[in-house]
Amino acid sequence: MRVHRAYGLDPTVVWPRLWTVLPDHLRTDISTAQLAYTSASTLTGWAVLYGALGVVWWPAVAIGAVLGGVGVLRARAATATVGDLVETAADLYGPALAEQASGPLTTALGHEISDRLRKDPAPGVFPE
């Protein structure tokens, strides 16, 4: 992920903490994009069900194909939007998280913050 390469932040570890420093409008935008992805996934699920129904009722195959195509296109768009918004959140508010933790956001500090917040040590950090 570009956020990890640029700042050294491990998104899976840092995201819950970063979420707390985001303004409401950005959190709303991210939640809306996640909801769009969920809706697209639901639509794709319906496509699968219609495809199965196609075994006994042939028009269901066409309905399933259309729903599947629309669902996949919507899911791709929603995924891109969520990714852009998460990257924006890290770009704009990662420094605020870093200042609360230690200082200006650098790659070294990003790695340090990720390591500090990680509950399980990274592989190879502590020999067994």
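Within segment 32-43, if we keep just the residues that are surrounded by fewer than 17 Cβ atoms within 10 Å (Cβ to Cβ) and of a type in the set (Ser, Thr, Tyr), the residue that is farthest from residue 83 (Cα to Cα) turns out to be 42. Counting only residues that are in a helix (DSSP H, G or I), of a type in the set (Ser, Thr, Tyr) and more than 20 Å from residue 28 (Cβ to Cβ), segment 45-103 holds 1 of them. Of everything in segment 21-43 that's of a type in the set (A, V, I, L, M), in a helix (DSSP H, G or I) and over 27 Å from residue 64 (Cβ atoms), which residue is farthest from the chain's Cα centre (by Cα)? Out of the qualifying residues, it is 21.
Each row is one residue, and each column tells you yes or no for (1) surrounded by fewer than 16 Cβ atoms within 10 Å (Cβ to Cβ); (2) free of Cβ contacts under 8 Å to residues at least 12 places away in the same chain; (3) out of contact with any Leu (no Cβ under 7 Å at 6 or more places or on another chain); (4) of a type in the set (A, V, I, L, M).
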position	(1), (2), (3), (4)
10	no, no, yes, no
14	no, no, no, yes
17	yes, no, no, no
22	no, no, yes, yes
30	no, no, no, yes
47	no, no, no, yes
74	no, no, no, no
89	no, no, no, yes
98	no, no, no, yes
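No value in this document is a laboratory result; all are computed from the given coordinates. All values derive from a computational prediction rather than experimental measurement. Cβ coordinates were reconstructed from backbone atoms using ideal geometry, including for glycine residues, and neighbour counts include every protein chain displayed.
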